[in-house]
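Asker: I have a structure here, written as structure tokens, and I will follow up with some questions on it.
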Amino acid sequence: MKKLIFQIFFSLTFAALAAVPKITPLGSVAQLLHSPAGVATDAGGRLYVTDPVAGCVVIFDAFGQQLGTRPGFAGPLAIAVAGDGRIYLSEEKTGSISVFDAQWNLLYQLGAGAGEFRLPAHLAVDPLAPDKLYVTDSAANVVRMYQGASFMSQWGGTGAGDGQFDFPAGIFVRTNGEVVVVDQNNDRVQIFTNGGFARKFSLGSGGMLGGPSGRSQALLVDGLGRTFVADSLNGVVQVFDVNSGLLLGSLGGFGASIGQLNLPLGLVLDGYNRLWVASANNSRLEIFGVDNFFHVATPMAGGLLAAGNPLFFSAAAGGTNLSGFQWRKNGAAIAGATNATLAVANALTGDSGNYSVVVSNVSGVVSSSVAPVSVLVSPAIISGPQSESVLAGTAVSFIVLASGTDPHLQWQFNGRNLDAETNASLNFAAVSAAQAGEYSVLVSNAVGQVTSLPAVLTVVTPPLVMDIVSSGMVASQTFGLTMNLDPGFNYALEASADLLQWQVISSFMGNGGLIDFLDPDTTNYWNRFYRLSWVR
């Protein structure tokens, strides 16, 4: 017994304690994410993020630019990518794990397929055997190991004893063969060798008030033996020494600001020594540099820009011994663009292109993601439609002359879009009273829109009844006329002695029905002709 005690003391005294990590918050990636859960990276640096709420896996490049989405999964939960590119994906709603090649062709499913697992919460690939997968079946309180499509072994069982679990969660396989597992409700981490219990350490010091940790989820162990554990309810990632279990520090903090976490569920450490954390309730991935990391980020996600506005890029790089920046456009170096920022005061269409930056240090160079930029001329109206007042049945055309990059035209009537009216002219063969109103045109493209001043179309409908129904001499040698008129219109009664020269002798508005008129000037003419006209 004395010899055994001495050996343990000797081991603990002289075992090297892992160094406290230096952590640098680097920002976040939120594009297309709703509630990210699992996160994995492949040999090329691509990131794979499960989104159970959206039922998809979102794929990013190493610098956070979205590459694609794989939809149609039933609650995708855990994901792992092996060194040979094969992708392991668990689906909560079907209780299954599917295995795909790097092109997402289905290779096989584990075990019986659907229903094989009660809750396949976390996955880990053996770094020395890409076909060997470890699964924590949290609801069954076991760890299962598969080689290819074949079930090989399992261990665990419900309880709080060594080797038992109460909701096993995060799992990681070290290069020395150790399998490290979060035992969530027992608030500890257990380490196994060849399926047998080896040691454990407590997570109980990680709570916000020094009490129990908050539903620990994913974990990973880096090459220095530091164990990163996602403490979901407290919004932190704790860091422990994997051998002694001593708490080395933490990162994050509950909140929504940059560098903070809200329900962290998934973790992965990439080849540039950056820790990516799936922060589910913040709907994003949070990025942290660990020790001497290498990171390039262009905060402006490339896209569309209106001409005349500033085009600005900024690169953030971390690590040691940085030797310089080189900005590129369409793959070619931009002369003199060797600072951390790239700015164009008034961008023109010729500034469109694919931008990136290369950052160098003593160990090599790293290129950022390519940010495509399209500089477009905003739409403008050179001349717009003009108001018209016409008789019903008249042909009418409204015309607009617009400028801008690929302008799209949409004619509107009283503020509402007219179906299929997207040309430079709006034509009517014969207008009716129902078409009277305000006509305008909306000119738009991807960077703006402008609406013309309204052109008012007045459609005039002539009276249906306008007749001289009788005429003749009346008393005192006065000539009289009786007219039948539509109400609401203005009329003019004209007279002429020669049918060439006409003079208005009376103006009046029709009140509907018959109107009598006496011409007192009749006796002054040998001939007297009359006509009735409608006054618009």
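Asker: What are the residue pairs meeting all of these: first residue in region 398-427, first residue under 15 Å from residue 383 (Cβ atoms) and touching a residue at least 40 places away in the same chain (Cβ under 8 Å), second residue of a type in the set (Ser, Thr, Tyr) and part of a strand (DSSP E or B), Cβ atoms under 6 Å, and 6 or more apart or on different chains?
Answerer: Note: pairs meeting the criteria are 398/439.
Quick grid of which residues meet (1) within 21 Å of residue 264 (Cα to Cα); (2) surrounded by 22 or more Cβ atoms within 10 Å (Cβ to Cβ); (3) among the basic types (Lys, Arg):
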position: 68; (1), (2), (3): no, no, no
position: 71; (1), (2), (3): no, no, no
position: 81; (1), (2), (3): yes, yes, no
position: 84; (1), (2), (3): no, no, no
position: 99; (1), (2), (3): no, no, no
position: 103; (1), (2), (3): no, no, no
position: 110; (1), (2), (3): no, yes, no
position: 118; (1), (2), (3): no, no, yes
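Asker: Also: Between 456, 474, 465, which is in contact with a strand residue (DSSP E or B) (Cβ under 7 Å, 6 or more places away or on another chain) and closer than 30 Å to residue 383 by Cβ?
Answerer: Checking each option against the conditions leaves just 456.
Asker: I need the full set of residues from region 224-243 which are touching a Leu at 6+ places or on another chain (Cβ under 8 Å), of a type in the set (Val, Ile, Thr) and in contact (Cβ under 8 Å) with a residue 60 or more places away in the chain, in order please.
Answerer: Residue satisfying the conditions is 239 alone.
Asker: Okay, moving on. Do the conditions hold for residue 451, that is, is it over 60 Å from the mean Cα position of the chain (by Cα), on the phi < 0 side of the Ramachandran plot and among the hydroxyl-bearing types (Ser, Thr, Tyr)?
Answerer: Spelling it out, it is not the case that residue 451 is over 60 Å from the mean Cα position of the chain (by Cα), on the phi < 0 side of the Ramachandran plot and among the hydroxyl-bearing types (Ser, Thr, Tyr).
Asker: Considering only region 419-430, how many residues are of a type in the set (A, V, I, L, M) and under 30 Å from the mean Cα position of the chain (by Cα)?
Answerer: Residues that pass the stated criteria total 1.
Asker: Another question, then. Residues in region 455-489 that are free of Cβ contacts under 8 Å to residues at least 60 places away in the same chain and part of a loop (DSSP other than H, G, I, E, B): how many?
Answerer: The qualifying residues number 6.
Asker: Give the residues of region 89-118 that are in contact with a Gly (Cβ under 8 Å, 6 or more places away or on another chain) and outside any strand (DSSP E or B), sorted by residue number.
Answerer: Correct list: 92, 93, 94, 95, 101, 102, 114, 115, 116, 117, 118.
Asker: I would also like to ask the following. What tally of residues in region 72-88 results from selecting those that are among the hydrophobic types (A, V, I, L, M, F, W, C) and either in contact with a Leu (Cβ under 7 Å, 6 or more places away or on another chain) or not in a strand (DSSP E or B) (or both)?
Answerer: 6
Asker: Could I ask something else about it? Restricting to region 490-523, and then to whatever is in a strand (DSSP E or B) and aromatic (Phe, Trp, Tyr), can you tell me which residue is surrounded by the fewest Cβ atoms within 10 Å (Cβ to Cβ)?
Answerer: Only one residue fits best here, namely 508.
Asker: Starting from residues that are over 28 Å from residue 391 (Cα atoms) and either among the β-branched types (Val, Ile, Thr) or in contact (Cβ under 8 Å) with a residue 12 or more places away in the chain (or both), keep the ones in region 524-536 and report whichever is surrounded by the fewest Cβ atoms within 10 Å (Cβ to Cβ).
Answerer: Among those that are over 28 Å from residue 391 (Cα atoms) and either among the β-branched types (Val, Ile, Thr) or in contact (Cβ under 8 Å) with a residue 12 or more places away in the chain (or both), it is 526.
Asker: Determine, yes or no, whether residue 430 is small (Gly, Ala, Ser), without any contact (Cβ under 8 Å) to a residue 12 or more places away in the chain, assigned by TED's automatic domain parsing to the domain that holds residue 396 and not in a strand (DSSP E or B).
Answerer: No; evaluated as a whole, the condition is false for this residue.
Asker: Hey, could you check region 378-396 for residues that are surrounded by fewer than 18 Cβ atoms within 10 Å (Cβ to Cβ) and in a loop (DSSP other than H, G, I, E, B) and say which is nearest to the chain's Cα centre (by Cα)?
Answerer: The residue in question is 386.
Asker: Residues that are over 26 Å from the mean Cα position of the chain (by Cα) and exposed (fewer than 15 other Cβ atoms within 10 Å of the Cβ): list the strands (runs of 3 or more DSSP E) wholly contained in region 264-359 that include at least 1 such residues.
Answerer: Filter on region 264-359 gives 322-329.
Asker: Next question. Kindly check whether there is at least one residue in region 132-141 that is out of contact with any helix residue (DSSP H, G or I) (no Cβ under 6 Å at 6 or more places or on another chain), surrounded by fewer than 19 Cβ atoms within 10 Å (Cβ to Cβ) and assigned to a strand (DSSP E or B).
Answerer: yes
Asker: Something else: Is there any pair with a first residue in region 135-163 that is polar (S, T, N, Q) and a second that is part of a helix (DSSP H, G or I) and surrounded by 13 or more Cβ atoms within 10 Å (Cβ to Cβ) whose Cβ atoms are under 9 Å apart and which are 6 or more apart or on different chains, and what are they?
Answerer: Qualifying pairs under 9 Å: 138/184; 154/140; 158/140.
Asker: Being on the phi > 0 side of the Ramachandran plot and modelled with pLDDT under 90 is the filter here; which residues of region 478-536 pass it?
Answerer: Residues satisfying the conditions are 488, 512, 513.
Asker: So, one more: Could you list, in sequence order, the residues of region 223-258 that are in contact with a helix residue (DSSP H, G or I) (Cβ under 8 Å, 6 or more places away or on another chain) and farther than 18 Å from residue 287 by Cα?
Answerer: Scanning region 223-258 gives a single hit, 244.
Asker: Step by step: first the residues of region 459-470, then only those that are of a type outside the set (A, V, I, L, M, F, W, C) and exposed (fewer than 14 other Cβ atoms within 10 Å of the Cβ), then the one that is farthest from residue 385 (Cα to Cα). Which residue is that?
Answerer: Here the residue is 470.
The values are calculated or read from the model by the stated rules, or taken from the named source; none is laboratory data. Because the structure is predicted, anything quoted here is derived from the model rather than measured. A quick note on method: Cβ atoms are made from the backbone with ideal geometry, for glycine too, and the neighbour counts reach across all protein chains shown.
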